[in-house]
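Down below is the structure, laid out as structure tokens.
The values are calculated or read from the model by the stated rules, or taken from the named source; none is laboratory data. Just so it is clear, the model here is predicted, and its values are computed rather than measured. Neighbour counts are summed over all protein chains in view; Cβ atoms, including those assigned to glycine, are modelled from backbone coordinates with ideal geometry.
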Amino acid sequence: MAFHAYIYKQYIPFIIIPTLGFIGGLYLERLEDERWTMFRDKSALYGKPKAPGEPPSW
């Protein structure tokens, strides 16, 4: 039983650190998506006038 505790203690950083990195990356990706929605349909090249009530292009 003590051997299992040693293995868990030794390998826990290899599980926790990538998991926290993944969760942090998801959080940052959502923040970036929210930031980019400010520029939706405002490009001089691709933007076009929208009718009232028309959904955004993406």
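Of the residues making up the stretch 38-53, those that are surrounded by 10 or more Cβ atoms within 10 Å (Cβ to Cβ) and without any contact (Cβ under 8 Å) to a residue 12 or more places away in the chain are S43, G47, K50. Within the stretch 26-34, the presence of a residue that is modelled with pLDDT under 80, surrounded by 10 or more Cβ atoms within 10 Å (Cβ to Cβ) and of a type in the set (D, E, K, R) is excluded. Flag: A5 does not match the condition of being exposed (fewer than 10 other Cβ atoms within 10 Å of the Cβ), modelled with pLDDT of 80 or more and in a loop (DSSP other than H, G, I, E, B).
Restricting the stretch 34-58 to residues that are assigned to a loop (DSSP other than H, G, I, E, B) and among the acidic types (D, E) leaves a set whose member that is farthest from the chain's Cα centre (by Cα) is E54.
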